[in-house]
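For reference, the structure discussed in these notes is given below.
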Amino acid sequence: MNPGGYSKLSTALITGISLSLLIQGAAVGAVSAVQPQGKADAKLGKIRSMAETQHEIVMILMRKKEFSKAMAEANKIFEMGWPADQEPLLVKELLGLSGQFMRYQQPEIALELLEHNVKVFEDSKSQVAIYKEMGYAAKEMGRDDEALEYFKKAHQLEKSPPR
Amino acid sequence: MNCQQYCDDLTAYMDGELAPSRSRELTSHLGQCRSCREELRALQASAEIVEPHINDLEPAPEMWNNLHSRIAVMPAPAAFGGFFGTWLSSRWLKAAVGAAAAVVLAVGMWGTMNYLSYQREVRQYMSDYIRERELEEEALRVREVNAPAEGTRVGTPQAMEPANPFGVIRTVSFDNPFKTEGQ
């Protein structure tokens, strides 16, 4: 083989190796980028599954009219280390549970549940919804002044949400 | 008229302050009523004791002199001087006080109106939400009556349980595999 042929061969080899390294690197990069997302999904899936079970426990306790226990179990749902983007789901759950306590004529428990968990929520829209429901629960108990205070708070948050 | 009412007028009668007709009426009553006559006599006796001493209660002229001399040696109150003194004692002061009062009144009225309007707004906000929630509950009841949840009694809270938002619990009904024949 002449020297020119060796040169061409080595150039092709180097190019091939570089290309394969580049492709490999890109693949590793892509995998490492995907892995944390996958982990987060797995974690969220686990939390949701636990919350799903917990929700059913709460419903059973309510049916058994063990309302204090039901509230304690309900609180656990909101203490599971949820990612911030799950807030709408949690608001739905909190309002659903408080509504169900009220259907069982337990507005005090509903109010306590809402009061205990409002601090978990960072979005002012969520807070507005919760304060309104707190006002509704207070009104159900005939505590009109207290209800008005909760509605004032909700109104204030809605008009000028904190930055 | 009774004796008590006549007696109430006795002092005015003695001082000649009653109307002539009333005075005549009282004189006529005194002619007939012994107890009222005695009351009048007692009042006259008291007046005789007090009247000669009334002049003695006048302050002595020396006392006035003494008071005047004490006031004269007292330091005069500090007066406002310069620009502020002139300004404060002028009509500008009156105008400024009037303007300030008007501003305070306007601010007070504005604050009150604002407060009342805010209260009205919040009450409306509250009643809107309560109405909305009541309608929501009513709709839930209607839906539940029309399509009752399996295994629940209509109208019970259990029948209106909120759906589990975290997923679907899969309930698969199947026959009991341990069931013996004939049971």
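Values in this text are rule-based calculations from the coordinates and carry no lab data. Since the structure is predicted, the reported quantities are computational estimates derived from the model, not experimental observations. Neighbour counts run over all protein chains shown; Cβ positions are idealised from the backbone, glycine included.
A few remarks follow.
- Per-residue mean of foreign Cβ neighbours for B:125-138 is 4 (Cβ atoms of other chains, 10 Å radius).
- Hydrodynamic estimate: the Kirkwood radius of the range A:45-118 over Cα pairs, inserted into Stokes-Einstein at 20 °C and 1.002 mPa s, corresponds to D of 176 µm²/s.
- Ordering B:103-116, B:7-20 by mean Cβ neighbour count within 10 Å, with the highest value first, yields B:7-20, B:103-116.
- Global geometry of the range A:54-163, whether rounded, prolate or oblate, following the gyration tensor of its Cα atoms and the 1.5 cut on a/c: oblate
- When the GluC sites (Glu not before Pro) in the range B:91-159 are filtered for DSSP coil states and for at most 16 other beta-carbon atoms within 10 Å of their beta-carbon, the remaining sites are B:Glu150.
- In terms of other Cβ atoms within 10 Å, A:Lys119, A:Lys153 run from fewest to most in the order A:Lys119, A:Lys153.
- Counting charges near B:Asp9 (Lys, Arg +1; Asp, Glu -1) among other residues having Cβ under 13 Å from its Cβ returns a value of -3.
- Greater than 18 Å apart at Cα, pairs in A:Lys92/A:Lys132; A:Lys76/A:Lys119; A:Lys125/A:Lys159; A:Lys119/A:Lys153; A:Lys65/A:Lys132; A:Lys132/A:Lys152: A:Lys65/A:Lys132
- Given +1 at the Cβ of Lys and Arg, -1 at the Cβ of Asp and Glu and no other charges, the dipole of the range A:53-152 around its Cα centre is 360 debye to the nearest 20.
- Charge tally in the Cβ shell below 14 Å around B:His29, where Lys, Arg are +1 and Asp, Glu are -1, B:His29 excluded: -1
- Label-point separation in nm, B:Trp92 to A:Asp41, each point 7 Å along Cα→Cβ: 8.0
- Across the range B:109-117, coupling constants 3J(HN,Hα) worked out from phi with the 6.51/-1.76/1.60 Karplus curve, θ = phi - 60°, read 5, 4, x, 5, 4, 4, 5, 5, 5 Hz, and Gly and Pro carry x.
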